[in-house]
Amino acid sequence: MKKPAYYLAVFGKPEPPDKDTVDSGRYPLGIRGSDTPGDRGDILLLYCTAGNAENSMSAPGIGIVLTKNKESIFFRYLPFSSPVSKEKIDETFTAEDREKITGMGVNTYWVFDISPESFGNATRGVSIDWP
């Protein structure tokens with residue numbers, strides 16, 4: 001069994017019909033297509049921009065990748081008992097990963113890889129609110 005890869009999946013302002021909310025279990029790929037990284041078992045740290053009013057500038061949970069097609073990544077949503085703030089992400093991500101999120105827009109949907117170290121640091125001490 002391979003070790004999971006870690007990603008930050010950014011959810012901007014959810015505008016139906018093609019944009020989903022962070023808890024929907026679906027991440028729209030749009031123009032990125034199926035060459036976007038993410039395989040079954042990989043872990044997404046689900047981050048909402050300021051354009052996402054309900055979870056503004058925080059990571060309310062993780063997603064475990066189930067499958068992917070040319071339009072979407074499908075994941076199991078697991079909410080945190082309390083969201084991880086943007087400040088904590090900025091403080092705990094490695095310099096390389098922190099640089100990747102510089103200039104993040106408020107309505108943007110995008111996904112990029114992060115190190116296991118950044119993921120572990122940002123989520124340390126945060127528990128899953130198991131459904």
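The values are calculated or read from the model by the stated rules, or taken from the named source; none is laboratory data. Worth saying up front: this structure is predicted, and the values here are computed from it rather than measured. Cβ: placed from backbone, ideal geometry, glycine included. Neighbour counts: every protein chain shown. Note: areas computed on protein heavy atoms with side chains; ligands, DNA, RNA excluded. Shrake-Rupley method; radii C 1.70, N 1.55, O 1.52, S 1.80 Å.
Scan the stretch 72-86 for residues that are open to solvent by less than 20 Å² (accessible area, probe 1.4 Å), modelled with pLDDT under 95 and either closer than 18 Å to residue 120 by Cα or out of contact with any Gly (no Cβ under 9 Å at 6 or more places or on another chain) (or both) and jot them down. Answer for the stretch 72-86, where residues must be open to solvent by less than 20 Å² (accessible area, probe 1.4 Å), modelled with pLDDT under 95 and either closer than 18 Å to residue 120 by Cα or out of contact with any Gly (no Cβ under 9 Å at 6 or more places or on another chain) (or both): just 72.
Give me the residue from the stretch 26-50 that is surrounded by 16 or more Cβ atoms within 10 Å (Cβ to Cβ) and in a loop (DSSP other than H, G, I, E, B) and, out of that set, modelled with the lowest pLDDT. Per the criteria, the residue is 36. Of everything in the stretch 53-63 that is of a type outside the set (Gly, Ala, Ser) and over 18 Å from residue 121 (Cα atoms), the residue that is most open to solvent (accessible area, probe 1.4 Å) is 54. (1) β-branched (Val, Ile, Thr); (2) surrounded by fewer than 16 Cβ atoms within 10 Å (Cβ to Cβ); (3) in contact (Cβ under 8 Å) with a residue 24 or more places away in the chain: which one isn't true of residue 89, the others all being true? Of (1) β-branched (Val, Ile, Thr); (2) surrounded by fewer than 16 Cβ atoms within 10 Å (Cβ to Cβ); (3) in contact (Cβ under 8 Å) with a residue 24 or more places away in the chain, only one is false for residue 89: (2). Here residue 67 meets each of (1) open to solvent by 10 Å² or more (accessible area, probe 1.4 Å); (2) modelled with pLDDT of 90 or more; (3) farther than 20 Å from residue 2 by Cα with one exception, condition (3). Reported count of residues in the stretch 51-104, each being hydrophobic (A, V, I, L, M, F, W, C) and outside any strand (DSSP E or B), is 7. Scan the stretch 7-14 and give yes if some residue there is at pLDDT 85 or above and open to solvent by 60 Å² or more (accessible area, probe 1.4 Å), otherwise no. Within the stretch 7-14 (the criterion being at pLDDT 85 or above and open to solvent by 60 Å² or more (accessible area, probe 1.4 Å)), the answer is no, since none of the residues qualifies.
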